[in-house]
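Please treat every number below as a calculation from the coordinates, not as lab data. Every value quoted in this text rests on a predicted model; they were computed, and no experiment measured them. Neighbour counts are summed over all protein chains in view; Cβ atoms, including those assigned to glycine, are modelled from backbone coordinates with ideal geometry.
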């Protein structure tokens with residue numbers, strides 16, 4: 001599928017069903033994680049110790065584009081949009097899981113939480129040629145933390161990966177997740193032009209370079 005400038009080809013795989021080709025702006029997705037803490041009053045202290053109550057799944061928010069305006073006349077995004085909306089319906093059972101992939105990046109299998117589709121360009125008969133899709137997914141399988149190599153044997157290989165900065169992240173912690181060695185943080189700083197390693201902006205995307213042998 002031809003994609004407009006600024007976008008890249010991506011796809012959504014619906015478990016046991018359709019593969020939907022789409023366009024993705026790699027600067028527009030976010031990953032979040034929530035933990036639950038409880039606090040029980042303690043008469044001997046003016047503040048209680050937190051008790052960990054468990055974690056909620058990671059959630060992924062994606063802004064995608066369906067566009068057939070560059071594919072020639074009579075092409076429409078109606079079928080792709082309908083397939084995505086159908087994935088939100090269980091038809092007597094739970095909705096199907098969705099896997100999003102873009103280039104070498106593949107998010108974990110996830111459950112669809114919400115979808116919003118805005119149609120923006122139409123044929124004379126009303127069929128849509130372009131649709132903007134906001135999709136929210138929730139982690140549905142065990143996975144390594146964001147930025148951590150899935151397989152320890154792949155650490156230090158050539159190439160780039162990316163890491164979305166979360167609260168509490170530091171270059172040292174990201175280096176440990178990526179390479180298994182917190183002292184390699186300078187490689188990440190240099191790759192991203194970071195002058196102050198203590199100031200990382202939440203939600204920003206960092207390139208994780210491969211390390212030479």
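Label residue 47 and residue 9 with points 7 Å out from Cα along Cα→Cβ: what is the distance between them in nm?
Each label point is offset 7 Å from its Cα along the Cβ direction, giving 5.3 nm.
Measure nothing but the geometry: give the 0 to 90° angle between the long axis through the Cα atoms of 78-87 and the longest principal axis through the Cα atoms of the chain, rounded to 10°.
Compared with the principal axis, the helix lies near 40 degrees.
Using the number of other C-beta atoms within 10 angstrom as an exposure proxy, rank 122, 24 with the fewest first.
Working: 122 12, 24 23.
Fewest-to-most Cβ neighbours within 10 Å comes out as 122, 24.
Return the distance in nm (one decimal) between the two label points of a simple spin-label model at residue 186 and residue 119, each offset 7 Å from Cα along Cα→Cβ.
About 5.8 nm separates the two model spin labels.
Using DSSP, restrict attention to beta bridges with both residues in the chain and report what percent are antiparallel, rounded to the nearest 5. Numbers along the way, then the final one.
Numbers: 48 of 48 bridges.
Roughly 100 percent of the DSSP beta bridges within the chain come out antiparallel.
Could you tell me how many cubic angstrom of Cα convex hull volume the chain has per residue?
In the chain, the Cα convex hull volume per residue is 184 Å³.
Which residue, 127, 18, 196, tops the fluctuation ranking in a GNM of the chain built on C-alpha contacts under 10 Å?
196
Ignoring everything except DSSP H segments at least 4 long, calculate the 222 nm mean residue ellipticity for the chain; use -39,500 (n - 2.57) per segment, divide by total residues, nearest 500.
-3500 deg cm²/dmol
At 4 °C and 1.567 mPa s, grab the translational diffusion coefficient of the range 48-120 from Stokes-Einstein with a Kirkwood Rh over Cα pairs, rounded to a whole number in µm² per second.
84
Under a 10 Å cutoff between Cα atoms, tell me which one of 98, 36, 117 has the largest fluctuation in the Gaussian network model of the chain.
Of 98, 36, 117, the Gaussian network model singles out 36 as fluctuating most.
Once R0 is set to 22 Å, what does the formula 1/(1 + (r/R0)^6) return for the Cβ-Cβ distance between residue 105 and residue 71, expressed as a FRET efficiency to the nearest 0.05?
Here the calculated transfer efficiency is 0.35.
Name the most mobile residue of 178, 44, 32, meaning the one with the largest mean-square fluctuation, in a Gaussian network model of the chain with Cα contacts below 10 Å.
Of 178, 44, 32, the Gaussian network model singles out 44 as fluctuating most.
In whole angstrom, how far apart do the alpha carbon centroids of the range 28-96 and the range 104-122 sit?
The distance from the Cα centre of the range 28-96 to that of the range 104-122 comes to 10 Å.
Label residue 39 and residue 198 with points 7 Å out from Cα along Cα→Cβ: what is the distance between them in nm?
Here the answer is 2.7 nm between the modelled labels.
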